[in-house]
Structure formats: structure tokens, C-alpha cells
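Throughout, read-outs are computed from the coordinates displayed, never taken from laboratory work. The shown structure was predicted, so the numbers you read here are calculated from the model rather than taken from an experiment. Counting neighbours? That spans all protein chains shown, and the Cβs are built from the backbone with ideal geometry, glycine included.
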Amino acid sequence: SRYEIAVLVGSLRRNSFNRKLADGVARLAPAEFLFRQAAIGDLPLYNQDDDDRQAEAVKRLKLEISTAQGLLFVTPEYNRSVSGVLKNAIDHASRPYGRSAFAGKPSAIMGVSIGAIGTAIAQQHLRVMLAYLDAPTLGQPEVFIQNKEGLFEENGEIGPGSRAFLQKWMDRYVAFIRRHADQG
Ligand code: FNR
């Protein structure tokens, strides 16, 4: 069977390292896994007044999440947390109360930053959100990446320094998603 993964990238920057990481990692997936980045840059700012008439962009995001077999969050660290753009998307897709798109959705987190701790604190914040949202998260391997020369090849593939590690991550992620899909 086929598995669709909705990827939420927390940066809107044109040359985002996190988007490049999401693209590069998707290339390590087996053929039956389709990684698709969800657009979150066109969402309005979340306002609870709109819960009973969610914008089309919000409905689209919720559909992409709920029809996917799994999620992957690729987040930058902004001021030691996730970006506001990503938090906004999470708030939208978690509402209205009782109709969250996240419940039971197997999820994983990774990120790349300029700093040496490689988004570690942002990722811990995101884990707290996903625990509250009742989305099971892959614990290991944790993926904290510092952007360095050679992280990506010219053609967008993951460079040799991180490739084996990220392939190991992908193998674990694929097994995690299959396990959840089997359980229905
Ligand atoms: C940053 N950056 C950053 N880096 C980090 O390691 N820890 C942090 O807390 C922050 N805080 C932060 C706040 C804001 C508002 C910006 C714009 C940047 C630097 C960050 O790692 C860098 O800009 C990355 O390039 C962001 O990821 P993308 O856009 O390349 O995917």
C-alpha cells in the first residue's frame, strides 16, 4: 500500500535550510512513501472567533493532515521555540475543539539551525504540543542538525556527513508509520 506523509515546514524563507532538509530527507524514503509539503504561509492569523467558519486554506490544511498516514515537522528554532508560522498552523488544525486533525496521527520532528544545538529546544516545545494533541511521536533518533558547508549536495541530496544518519532515521520512521497504519 501507499503512505502519504504531510510535511509541515516551519520556515517561509525562500532558501530555507529546513525546507531543503525536508526535500533531502524525502529522497531517502522508499517508493511507496510520498512526502508532500503542506502550504502554511497563506493561513490567516488564528482567531477563535472563526472556529465555526474556518478559511478555505485552513480546511485544506486539515484535510491534508487527516488524510495523511503520518506527519513530519521540520522546524527552525526561533527564539528558542518553534516559529510563529508553524504554531499558527498547529493552532488552526487543532480546532475547533473536538475536531483536531492531529489526534492519533503518528508524527516525527526534525530541524536544522545555524546554532550548535540544532533546534533542540524548539523541538522539545513541539513535543509538548504533540503530546497534548494526542499525536504519537517518534522518540529516536532525534535529529538536531547544525547547518554546515556540505550538509546538502548541489543537487539537493543530503551530503555524506549526515546521509547515513538520516537514512537510519528514515528507516525507523517508515517502520513507525507502518506500525501505526497496521493498527488502523
Ligand atoms: C533565529 N535563529 C535561531 N537559531 C537558533 O539556533 N536558535 C534560535 O533561537 C534562533 N532564533 C532565531 C529567531 C529568528 C526570528 C530568526 C529569523 C532566526 C537562526 C536560525 O537558525 C536561522 O535563521 C535559520 O536559517 C532558520 O531556518 P531556515 O529559515 O533556514 O529554515
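Structural remarks
- Descending by average beta-carbon neighbour count within 10 Å, the peptides 132-142, 67-77, 3-13 line up as 67-77, 3-13, 132-142, the highest first.
- Taking every alpha-carbon pair under 8 Å whose residues sit at least 6 apart, the chain reaches a relative contact order of 24 percent.
- Neighbours of residue 28, meaning other residues whose beta-carbon lies under 10 angstrom from its beta-carbon, give a summed charge of +1 when Lys and Arg score +1 and Asp and Glu score -1.
- Rounded, prolate or oblate (a/c below 1.5 giving rounded, otherwise prolate when a/b exceeds b/c) for region 1-91 by Cα gyration tensor: oblate
- Local net charge near residue 9, Cβ-Cβ under 14 Å (Lys/Arg +1, Asp/Glu -1): +2
- Each listed q (0.10, 0.11, 0.17, 0.19 Å⁻¹) maps to a log10 I(q)/I(0) for region 3-182, found by the Debye formula over equal Cα scatterers with no solvent: -0.36, -0.43, -1.07, -1.34.
- Net charge over other residues, Cβ less than 15 angstrom from the Cβ of residue 111 (K, R count +1; D, E count -1): +4
- Cross-link partners of residue 168 among lysines (Cα-Cα below 25 Å; sequence separation of 8 or more within a chain): 20, 105, 148
- Euclidean distance between Cα centres, region 132-159 to region 1-59, Å: 15
- The simple Förster model, with R0 at 35 Å and r as the Cβ-Cβ distance, assigns residue 50 and residue 128 a FRET efficiency of 0.90.
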